[in-house]
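As structure tokens, the structure follows; a few thoughts come after it.
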Amino acid sequence: MPRVKRGVTARARHKKVLVKAKGFRGRRGNVYRVAKEAVMKAGQYAYRDRRNKKREIRALWIQRINAAVRELGMSYSAFMAGMKKAKIEIDRKVLADLAVLDKPAFAKIAGQIKASLAH
């Protein structure tokens, strides 16, 4: 069995990590041993935050809807209960967009919901 020198493979592996660590501060960006840990941690943060982003965006939609609905004299929870009662199936993303970009359309929906709650 011939002897295998692994310099090329190791260099490639190190280079791959250091490219991912480009822009990191201090030794985290240019020393392999430190950069490897920093890149692994960055990957963990990225994985976690891809999931957290969904939560944060939903929370933002809810805040926007709540603000728009309070201008019309309702609370968010009453508005959502009225949506179910009026059988209006618009998701929070679209509602938030309407609340920000098309206030008259949102007010019309809110009017329908108020009418359904009055009955």
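The table below lists the values:
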item: Enumeration of residues in region 30-52 that are open to solvent by 100 Å² or more (accessible area, probe 1.4 Å) and part of a helix (DSSP H, G or I); result: Arg33, Glu37, Met40, Gln44, Tyr45, Tyr47, Arg48, Arg50, Arg51
item: Some residue of region 79-86 being over 21 Å from Lys54 (Cα atoms), over 26 Å from the mean Cα position of the chain (by Cα) and in a helix (DSSP H, G or I); result: yes
item: Test result for Ala96, in contact with a Lys or Arg (Cβ under 7 Å, 6 or more places away or on another chain), of a type in the set (A, V, I, L, M, F, W, C), within 30 Å of Arg13 (Cβ to Cβ) and part of a helix (DSSP H, G or I); result: no
item: Some residue of region 3-19 being open to solvent by less than 100 Å² (accessible area, probe 1.4 Å) and either within 30 Å of Lys93 (Cβ to Cβ) or in contact with a His (Cβ under 7 Å, 6 or more places away or on another chain) (or both); result: no
item: Count of residues meeting criterion [open to solvent by 90 Å² or more (accessible area, probe 1.4 Å) and either touching a residue at least 60 places away in the same chain (Cβ under 8 Å) or closer than 16 Å to Ala118 by Cα (or both)] in region 67-104; result: 3
item: Lone qualifier among Arg27, Arg55 - being open to solvent by 100 Å² or more (accessible area, probe 1.4 Å), more than 30 Å from Ala105 (Cβ to Cβ) and either touching a strand residue (DSSP E or B) at 6+ places or on another chain (Cβ under 6 Å) or not polar (S, T, N, Q) (or both); result: Arg27
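The values are calculated or read from the model by the stated rules, or taken from the named source; none is laboratory data. Not measured: the values here are computed from a predicted model. Glycine gets a Cβ as well: all are built from the backbone with ideal geometry, and neighbour counts include every protein chain shown. Areas reflect the complete protein model, heavy atoms only, side chains present, ligands, DNA and RNA absent. Shrake-Rupley method; radii C 1.70, N 1.55, O 1.52, S 1.80 Å.
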